[in-house]
Amino acid sequence: MTNRFQDKVAIVTGGGSGIGLEAATQFVGEGGSVVIVGRDADKLAAAAEAIDPSGEKVAVLSGDVSQIETADRAVALATERFGGVDVLFNNAGIFRPTPFLEHTEADFDRNLSTILKGKFFMAQAAARAMQNRGGGAIVQTGSMWAERAVAATPSSAYSAANAGVHAMVRNLAVELAASKIRVNAVAPAVVETPVYGTFMSAEQVKEVLPTFNDFHPLGRNGQPRDVVGALLFLASDDAPWITGAVLPVDGGVMASR
Ligand code: NAD
């Protein structure tokens, strides 16, 4: 195990489950401290216990990322508990395949405000804090669906929001370069996380997810650790000259479509 994040501080949105929980766990495993942000206080408490039972390297903030004040509270907590912010894993998101003609204004707004507005203002608050440290890294979880449409999983509002997340990467990379803040994203295909249980029963998840294995040229769905290797690389000093990139982490889907 390397120690790439010794004494570094990260905010991880959506850190209570799936990709965010794995990112927070590995970041602490490599010497850092984390503030995990999510909506469900009980889920966050259980995640914090799993990440660091001593509680020394993890703090939790329950809040909705679509509310701008959540970003300010996350930065304030990271500063108070750990002295500042070096890394933002801008990861919280939602996914519920919905045919275009069935989208309501309410679920359009939910997608845009959670996925895009949430990441936008979290990045703004974190970038201000990173300027005080002389630099930092923002790594966002975008989506393969922002680049390719998949008939089996209609996702127009989700994809539009994530296309905004990918556009943010390029704009922020250029604007924040002078502050030595790098900004990148990963674009995953199907990753087996609790998100699928938010719109399917446990039996459906068991039945349906394996049917997506062959969708990926590498022959299998992703696991959180498949994505987190890339997230941590992009956040680390191993990627000092990478900014403005949206990296497919998708078992080959983008290459094949
Ligand atoms: P997940 O559901 O396990 O994690 C998402 C987390 O975000 C949850 O803990 C949830 O509580 C939190 N969250 C949702 N809305 C929030 C809000 N308004 N405020 C605060 N927290 C909120 O799912 P995951 O697959 O780990 O998702 C992580 C990211 O990966 C998401 O942005 C998702 O769009 C993206 N992604 C996932 C897949 C996949 O197949 N799992 C594919 C492409 C992209």
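The values are calculated or read from the model by the stated rules, or taken from the named source; none is laboratory data. All values derive from a computational prediction rather than experimental measurement. Cβ coordinates were reconstructed from backbone atoms using ideal geometry, including for glycine residues, and neighbour counts include every protein chain displayed.
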For residue 153, the lone unmet condition from (1) closer than 28 Å to residue 252 by Cα; (2) surrounded by fewer than 17 Cβ atoms within 10 Å (Cβ to Cβ); (3) more than 14 Å from the ligand (Cβ to nearest atom); (4) in contact (Cβ under 8 Å) with a residue 40 or more places away in the chain is (3)
For residue 96, the lone unmet condition from (1) surrounded by 15 or more Cβ atoms within 10 Å (Cβ to Cβ); (2) part of a helix (DSSP H, G or I) is (2)
Of the listed residues (130, 144), the one being more than 17 Å from the chain's Cα centre (by Cα) and crowded, with 21+ Cβ neighbours inside 10 Å is 130
Would a scan of region 21-38 turn up a residue that is within 19 Å of the chain's Cα centre (by Cα) and more than 20 Å from residue 137 (Cα to Cα)? yes
Those residues of region 1-36 which are assigned to a strand (DSSP E or B) and more than 16 Å from the ligand (Cβ to nearest atom) amount to 9, 33
Any residue in region 237-249 that is within 12 Å of the ligand (Cβ to nearest atom), out of contact with any Asp or Glu (no Cβ under 8 Å at 6 or more places or on another chain) and within 22 Å of residue 17 (Cβ to Cβ)? no
query = Do we find that residue 40 is at positive phi and either of a type outside the set (A, V, I, L, M, F, W, C) or within 16 Å of the ligand (Cβ to nearest atom) (or both) in this structure?
reply = no
Those residues of region 233-257 which are in contact with a helix residue (DSSP H, G or I) (Cβ under 8 Å, 6 or more places away or on another chain), in a loop (DSSP other than H, G, I, E, B) and within 26 Å of residue 28 (Cβ to Cβ) amount to 239, 242, 243, 245
message: Scan region 222-229 and tell me whether some residue there is at pLDDT below 95 and away from the ligand (no atom under 12 Å from the Cβ).
response: no
